[in-house]
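Peer 1: Quick one: this structure, given as structure tokens, is what I'll be asking you about.
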2 protein chains.
Amino acid sequence: MAREETTDFMAMKGAGYYSKATIGAKHVMDNATQMVIDAVDRMDPSKRSGVFRATDMGAADGGTSLDMWRRVLANVRERAPERPIEMIYTDLPRNDFSQVFQIVHGLTGEATYLNEVSGIHAMASATSFHEAILPSDTLDLGFSATASHYITAVPCNIENHVHMVGATGKTRQAYEDKGAADWDNMLAKRGAEMKRGARLCLFNFGIDSEGQYLGNTGGVNMFDTFALHWRSLVDDGLITEEEFVNTNFPQVYRTQDQFIAPLNDKNSAAYASGLRLEHVEARVVRCPFEQQYSEAGEDPKEFASDYIPTLRSWSEPTFANGLSRERSPVDRAGIIDTFYQRYEAMVANCPEGHAMDYVHIYLVCMKQ
Amino acid sequence: MAREETTDFMAMKGAGYYSKATIGAKHVMDNATQMVIDAVDRMDPSKRSGVFRATDMGAADGGTSLDMWRRVLANVRERAPERPIEMIYTDLPRNDFSQVFQIVHGLTGEATYLNEVSGIHAMASATSFHEAILPSDTLDLGFSATASHYITAVPCNIENHVHMVGATGKTRQAYEDKGAADWDNMLAKRGAEMKRGARLCLFNFGIDSEGQYLGNTGGVNMFDTFALHWRSLVDDGLITEEEFVNTNFPQVYRTQDQFIAPLNDKNSAAYASGLRLEHVEARVVRCPFEQQYSEAGEDPKEFASDYIPTLRSWSEPTFANGLSRERSPVDRAGIIDTFYQRYEAMVANCPEGHAMDYVHIYLVCMKQ
């Protein structure tokens, strides 16, 4: 989960932690690489000259997408042997950009396209994808995976839950409205950046036609479990009701219809920017930790201790930010540890049904 | 001193250390900002359309050049209100690029052009300036300060000194030859990147017509003092003769004639790339620490303890790298501390003549 707000935590946990905890996010990209290659094929980079510019938006440390880009950029190079390639990694300013460059330049030992494909100029930008990252008409291939569920700000608190998937009524509507506005704006910003004929590939967390979403694919609902344990801290007097209410993921999970709405709405900013839908589909990618537990007959305790970090890697900042500013850092850290220990104990005691399966809506757009 | 090899050390010392220890490097840029603005004026960005692209090569954390870019980019914006600006910071992959983006995006509290000048897209690259950082014909304004004295590799050990300024005979020649080859290549790589009419402003450590160079402007010679104390560690059995010999700054200080040679040599790669000299001059910028000591009547001990970090900030990696790989980290750190303590004690005992005055050769080139 390339994610906007988790980078302080990531920096704290140190290099490599992010990629290890999010191996599932890598599977999502590896499995869908052909979708990006097909988009490149339809665009046919040989039809143009000059720089071929690609972005990886919300790329975090760049590790999860590295193998995907090795394949995609090799394909671009094959189709357009003479065109220089600019590969631009973007995330928010607090992201670990030092790690991005060390990974991409091969200093961490991972295989990188910089040693395999000629004429690539790797760069980075710390401009949010809610803004114009690049000058107009300069982008050939935009890409973002598992990032655009982050909204610019939460519209309101969620009373009895921590995520909009557990919200109802006006609260749910407020999140959906905010998600729609940010999504249309994010698309329109891309449409402006893209050259005519350019492609945009977006693999986003979403809600599929069966109502499934991340960590909610038939077993124990992950977000309900977050809310359950966070509530138990209120019940035990460890956190206040106010802190519970102030804890809200700044995220919106959108349905497939919500994702494609601005691409079909002639009055939307996205449509006005020239963006048109080429392809959309939903997929579920199995939780690698649950899979290992089920198939390798792992010990439940071991499963639980492997599994919780993949949840914690992206969710911790939201819970930490919900706590009162008046608490000491030690106090806050203790509460957060207790919270995840309770979740881990629950999984270790009864692992069945726990799985952070990934549910993504995959979109490919072109600019007319 | 934006510097290629010091970034691990910098990262270790933490954010902000670099900028504080190199306030003199900031003075060099602040004092010469008009030279860059004049180059922009001659180029006249209004004569072209499309992206105006600038690079700051060997930028380290971007802090020392921030005020210069505020003025230069405001000038570009005034002359070409409609052109998008891409501002690209470059250094080696181990540089603290996270700090670059936090400074440029205003997260450290320093005034940044991103809040003042519209239409700027800040980016970074970790490609060495000895390589092609950008695709051909895409650069409008190249800039680098206090960085190109770093060579790609030392040609040989220096027997009785630690820096080529103290070398003689064949050793001196080997360094000068390596410096000439790297310089011609560095210029040619820029010439290829630049558009026709683009400008390149380079403020580099050099040797002026009076034989002055960094830390050697009439008082105590800084590099001789480095060699003296490093030698004293051999004499006292703290390091071996082999370690002394293996300690060599991977740097070449060039004379003004050496700097301009490839720009006037029709057989050089730089000349073939279209680069032509527009302006050259030498300047001395006074050591801010010595100045404060002299003018504010600072205590010698205080001066010494302020002064040594500005030397240590860029020289430590060279001394640390000279030590045997078989020494433990603790052993190495102890030796390095002893070394700088001896230098500091010498300055505290007899401060007169100690000054790291900056001696730069300033060049402005254009691409035909």
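Values in this text are rule-based calculations from the coordinates and carry no lab data. What you see is a predicted model; the values in this text were computed from it and never measured. Heads up, the Cβs are rebuilt from the backbone with ideal geometry, glycines too, and the neighbour counts pull from every protein chain shown.
Peer 1: Please compute the contact order of chain B in relative form: average sequence separation of alpha-carbon pairs under 8 Å and at least six residues apart, divided by the residue count, as a percent. Don't jump to the answer; show the numbers that get you there.
Peer 2: Numbers: 702 pairs, mean separation 76.8, N = 368.
Relative CO of chain B lands at 21 percent.
Peer 1: Right, something else. Quick one: what Rg and Dmax do you get for the protein assembly as shown from the alpha carbons, in Å?
Peer 2: Radius of gyration, then largest Cα-Cα span, for the protein assembly as shown: 28.2, 84 Å.
Peer 1: Could you work out how far apart the two model spin labels at B:Val284 and B:Asn349 are, taking each label as a point 7 Å from the Cα in the direction of the beta carbon, and quote it in nm?
Peer 2: 2.7
Peer 1: Expressed as a whole number of Å, what is the distance separating the alpha-carbon centroids of the range B:191-262 and the range B:336-351?
Peer 2: 21
Peer 1: Give the shape of the range B:207-258 as rounded, prolate or oblate, defined through the alpha-carbon gyration tensor: a ≥ b ≥ c are the square roots of its eigenvalues, a/c under 1.5 means rounded, and otherwise the shape is prolate if a/b is larger than b/c and oblate if not. Mind dumping the intermediate values first?
Peer 2: Working: a/c = 5.14, a/b = 1.96, b/c = 2.62.
Verdict is oblate for the range B:207-258.
Peer 1: Between B:Gln368 and B:Glu116, take the C-beta separation as r, use R0 = 45 Å, and let me know the FRET efficiency to the nearest 0.05.
Peer 2: For R0 = 45 Å, the calculated efficiency reads 0.85.
Peer 1: Follow-up. If the label point is 7 Å along Cα→Cβ of A:Asp235, which residues in the range A:328-368 have backbone nitrogen under 19 Å from it?
Peer 2: Of the residues in the range A:328-368, A:335-351 have backbone N under 19 Å from the label point off A:Asp235.
Peer 1: Also, quick follow-up: Once you order the gyration tensor axes a ≥ b ≥ c over the Cα atoms, which shape class does the range B:73-214 get: rounded for a/c under 1.5, otherwise prolate or oblate by comparing a/b with b/c?
Peer 2: Numbers: a/c = 2.32, a/b = 1.90, b/c = 1.22.
Prolate, because a/c is 1.5 or more and a/b exceeds b/c.
Peer 1: Can you list the residues, at least 5 places off or on another chain, whose amide H is less than 5 Å from the amide H of B:Met123, using H built in the peptide plane?
Peer 2: So B:Met123 has HN proximity to B:Met87, B:Ile88, B:Tyr89.
Peer 1: Give the cross-link partners of A:Lys170 among the lysines, using a straight C-alpha distance below 19 Å as the criterion and excluding same-chain residues fewer than 8 apart.
Peer 2: List returned: A:Lys178.
Peer 1: Amide H neighbours of B:Phe52 under 5 Å, at least 5 residues apart or on other chains, H built in the peptide plane: list them.
Peer 2: Placed amide hydrogens put B:Ile85, B:Glu86 under 5 Å from B:Phe52.
Peer 1: Follow-up. Going down the list A:Lys47/B:Lys367; A:Lys189/A:Lys367; B:Lys189/B:Lys266, which pairs span over 18 Å between their C-alpha atoms?
Peer 2: Values: A:Lys47/B:Lys367 30 Å; A:Lys189/A:Lys367 12 Å; B:Lys189/B:Lys266 16 Å.
In this structure, A:Lys47/B:Lys367 lie more than 18 Å apart at Cα.
Peer 1: What is the sum of charges, Lys and Arg at +1 and Asp and Glu at -1, for the other residues whose Cβ falls under 11 Å from the Cβ of A:Phe244?
Peer 2: Details: positive: A:Arg231; negative: A:Glu159, A:Asp235, A:Glu241, A:Glu242, A:Glu243.
Net charge in that neighbourhood comes out at -4.
Peer 1: Using Cα-only point scatterers and the Debye equation, what is log10 of I(q)/I(0) for the range B:104-173 at each q in 0.15, 0.26 Å⁻¹, rounded to two decimals?
Peer 2: Log10 of I(q)/I(0), two decimals: -0.78, -1.26.
Peer 1: Then there is this: Report relative contact order for the range B:74-185 in percent, whole number only (criteria: Cα-Cα under 8 Å, sequence separation at least 6).
Peer 2: Values: 92 pairs, mean separation 25.2, N = 112.
Result for the range B:74-185 is 23 percent.
Peer 1: So, one more: Using a/c under 1.5 as the rounded threshold, could you call the range A:183-309 rounded, prolate or oblate? The axes a ≥ b ≥ c are square roots of the C-alpha gyration tensor eigenvalues, and prolate needs a/b larger than b/c, oblate otherwise.
Peer 2: Details: a/c = 3.00, a/b = 1.68, b/c = 1.79.
Oblate, because a/c is 1.5 or more while a/b does not exceed b/c.
Peer 1: Between A:Ser136 and A:Gln212, what is 0.36 nm times their sequence separation minus the Cα-Cα distance? Round to one decimal in nm. If you can, show how the numbers build up before the last one.
Peer 2: Values: separation 76, 0.36 × 76 = 27.36 nm, distance 3.67 nm.
Working it through step by step, the gained length comes to 23.7 nm.
Peer 1: Students often forget the sequence filter, so: which aspartates and glutamates lie under 18 Å Cα-Cα from B:Lys301 once same-chain residues fewer than 8 apart are removed?
Peer 2: Result set, ordered by chain and number: B:Glu290, B:Asp337, B:Glu344, B:Glu352.
Peer 1: What nm distances, shortest first, do you get from the label point of A:Asn31 to those in the other copies when the point sits 7 angstrom along Cα to Cβ?
Peer 2: 6.2
Peer 1: How would you rank B:Ile103, B:Ile85, going from fewest to most other Cβ atoms within 10 Å of each one's own Cβ? Each step should come with its number before you reach the end.
Peer 2: Numbers: B:Ile103 26, B:Ile85 23.
Starting with the residue having the fewest Cβ neighbours, the order is B:Ile85, B:Ile103.
Peer 1: Who wins for biggest fluctuation among B:Asp265, B:Asp184, B:Asp61 in a Gaussian network model of chain B, springs between alpha carbons below 10 Å?
Peer 2: B:Asp265
Peer 1: Using 7 Å Cα-to-Cβ label points, what is the A:Arg276/B:Ser305 separation (nm, one decimal)?
Peer 2: 7.1
Peer 1: Can you show me the helix-derived [θ] at 222 nm for chain A, built from DSSP H runs with n ≥ 4 at -39,500 (n - 2.57) apiece and divided by the number of residues, rounded to the nearest 500. Before the final figure, lay out the partial values.
Peer 2: Details: 14 runs with 164 residues, N = 368.
After summing the helix terms and dividing by residue count, I get -13500 deg cm²/dmol.
Peer 1: Which value results when the Cα radius of gyration for chain B is divided by 2.2 N^0.38 Å?
Peer 2: The reported ratio for this selection is 0.99.
Peer 1: Please give me the summed charge of the neighbours of B:Asn115: other residues whose Cβ is under 15 Å from its Cβ, Lys and Arg +1, Asp and Glu -1.
Peer 2: Around B:Asn115, the charge tally is -1.
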